[in-house]
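Enquirer: Please read through the structure below; I'll follow up with questions.
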Amino acid sequence: DTAVSQTPKYLVTQMGNDKSIKCEQNLGHDTMYWYKQDSKKFLKIMFSYNNKELIINETVPNRFSPKSPDKAHLNLHINSLELGDSAVYFCASSPILKGDTQYFGPGTRLTVL
Amino acid sequence: QKEVEQNSGPLSVPEGAIASLNCTYSDRGSQSFFWYRQYSGKSPELIMSIYSNGDKEDGRFTAQLNKASQYVSLLIRDSQPSDSATYLCAVGYAGGTSYGKLTFGQGTILTVHP
């Protein structure tokens, strides 16, 4: 069974479109995260949720909106996609907030044309 | 601005040698330190965590932490071609608005050649 799963794995879309990426974890963790990894492999946190509550909201354009319907799911919706949004987006989860082990999903490669 | 710095490499070592990967961080309030391995096209995978000064060994991997020097390293003994990957250093914080946040370095590309 996959611990942290994401869909879709690949996403190719046109500028200006709206798209969503879904994440689910079956580890029973309370905290989930979204990271963005750019073409230079730099991995940067975007958001974290603890039991459906937003905890970390880094300097991310408000075109990006996370949604957590329950503690096992954290989705990312992106409005008005731009070329610079092209990256790999990773979802992760951890059992507690405090510097604990984060388990990453397989990633979603987003390409904006 | 909390920063984590790594040499981007690539670091090339022969099979069987010791690979040494280094990382420095800027925030003295950092409390947890991690090394992740990322194969090309795959997700980061945790290989070591360290929380207090000194060495921590796990198989062929040894993490070293020196909080006074704000320095953390990873040694890989008896390097194998399968160790070829990008190694990401990550630093965690426990206080304020950074609670639970990991800041990653830019990664070091390691190549182990036969």
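Enquirer: Cα atoms only: what Rg and Dmax, in Å, come out for chain A?
Expert: 13.2, 38
Enquirer: Same structure, new question: Order A:55, B:109 by their accessible area, 1.4 angstrom probe, all chains in place, largest first.
Expert: B:109, A:55
Enquirer: Across peptide A:37-45, how many C-beta atoms of other chains are within 10 Å of each residue C-beta, on average?
Expert: That average works out to 5.
Enquirer: Same structure again: Name the residues of the range B:20-48 whose amide N is less than 20 Å from a point 7 angstrom out from the Cα of residue B:66 along the C-beta direction?
Expert: So the set is B:20-35.
Enquirer: Comparing the chain by itself with all protein chains present, which residues of the range B:33-58 are at least 20 Å² less accessible (probe 1.4 Å)?
Expert: Those are B:34, B:36, B:38, B:41, B:43, B:44, B:46, B:51, which lose 20 Å² or more relative to the chain on its own.
Enquirer: Provide the buried accessible surface between chains A and B in square angstrom, both chains summed, 1.4 Å probe, rounded to the nearest 100.
Expert: What A and B bury together is about 1700 Å².
Enquirer: On to the next question. What does the average come to when, for each residue of peptide B:105-112, you count the partner chain Cβ atoms lying within 10 Å of its Cβ?
Expert: Mean number of neighbouring Cβ atoms from other chains: 2.
Enquirer: Based on the Cβ-Cβ distance from residue B:58 to residue A:82, what FRET efficiency comes out when R0 is 45 Å, to the nearest 0.05?
Expert: 0.60
Enquirer: To continue, here is another question. Considering only protein heavy atoms and a 1.4 Å probe, what is the carbon-and-sulfur percentage of the accessible area of the protein assembly as shown?
Expert: 49
Enquirer: Relative contact order of chain A: what whole-number percent is it, with Cα pairs under 8 angstrom and at least 6 residues apart?
Expert: About 37 percent, as a whole number.
Enquirer: I'd like the mean, over residues of B:26-32, of how many other protein chain beta carbons sit within 10 Å of each residue's own Cβ.
Expert: 1
Enquirer: In addition: Over all alpha-carbon pairs in the protein assembly as shown, figure out the percentage whose distance exceeds 25 Å.
Expert: The share of Cα pairs beyond 25 Å in the protein assembly as shown comes to 41 percent.
Enquirer: Using the beta-carbon distance between residue A:111 and residue B:78 and R0 = 41 Å, what value does 1/(1 + (r/R0)^6) give for FRET efficiency, to the nearest 0.05?
Expert: 0.55
Enquirer: Using +1 on the beta carbon of Lys and Arg, -1 on that of Asp and Glu, and nothing else charged, what's the dipole of chain B about the Cα centre, debye to 20?
Expert: Rounded to the nearest 20 debye, it is 260 debye.
Enquirer: With the cut-off at 16 Å, report for chain B the share of all Cα pairs above it, as a whole percent.
Expert: 57
Enquirer: Suppose all protein chains stay in the model; what accessible area per residue would a 1.4 Å probe give for the protein assembly as shown, in Å²?
Expert: With the other protein chains kept in place, the protein assembly as shown gives 47 Å² per residue.
Enquirer: Work out the length of the dipole vector of the protein assembly as shown about its Cα centre, built from +1 on the beta-carbon of each Lys and Arg and -1 on the beta-carbon of each Asp and Glu, and round it to the nearest 20 debye.
Expert: Roughly 320 debye for the protein assembly as shown.
Enquirer: To the nearest 20 Debye, how big is the dipole of chain A about its Cα centre, given +1 on the beta carbon of each Lys and Arg and -1 on that of each Asp and Glu?
Expert: 220
The values are calculated or read from the model by the stated rules, or taken from the named source; none is laboratory data. Being a predicted model, the structure only gives us computed values, none of them experimental. With ideal geometry, Cβ positions are generated from the backbone for all residues, glycine too; neighbour counts draw on all protein chains shown. Heavy atoms of the whole protein, side chains included, go into the accessibility calculation; ligands, DNA and RNA do not. Shrake-Rupley method; radii C 1.70, N 1.55, O 1.52, S 1.80 Å.
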